[in-house]
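The structure appears right after this line, and notes come after that.
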Amino acid sequence: MLVTVTEPMSVAVREALSTDPSTPAEALAALADDPSPVIRANLLTNPAVPADLRYQVHAALSAEAAAGDREAENALAWVRYDRSGRTACDRPE
């Protein structure tokens, strides 16, 4: 997959890239600075994202959530549900 960025990408394109394991490392690194917490949270579950980049993204999202950013908080909550095998409709125990 060849990714060259000459103009802003749509949210749908960025979301697709953030979840695709075949996305090049350079594009994944660029998505780590995406303004959308949802796009960045997708990187946490993409197996192609290096552990150090996942750590950085998680730390940034956690700090944003702690500062009151509801979108970051919700994105992290979704990752927790997704990784736990639950669905968004399941209630926390």
Return the sequence-ordered ³J(HN,Hα) values of segment 33-48 in whole Hz as given by the Karplus equation 6.51 cos²θ - 1.76 cosθ + 1.60 applied to θ = phi - 60°, using x for Gly and Pro. 9, 4, x, 8, x, 5, 4, 5, 5, 4, 5, 5, 10, 7, x, 7
Tabulate in residue order the Karplus-calculated ³J(HN,Hα) for segment 61-72, using 6.51 cos²θ - 1.76 cosθ + 1.60 with θ = phi - 60°, rounded to whole Hz; enter x for Gly and Pro. 5, 5, 5, 5, 5, 5, 7, x, 6, 5, 5, 5
Note down the nm distance, to one decimal, between modelled labels 7 Å out along Cα→Cβ at residue 52 and at residue 81. 3.4
Over segment 13-84, what is the mean sequence separation of C-alpha contacts under 8 Å (at least six apart), divided by residue count, expressed as relative contact order in percent? 28
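Every number here is computed from the coordinates shown, using simple stated rules; none is lab data. Please read these numbers as outputs of a predicted model, since none were measured by experiment. Note that we place each Cβ from the backbone using ideal geometry, even for glycine, and neighbour counts take in every protein chain shown.
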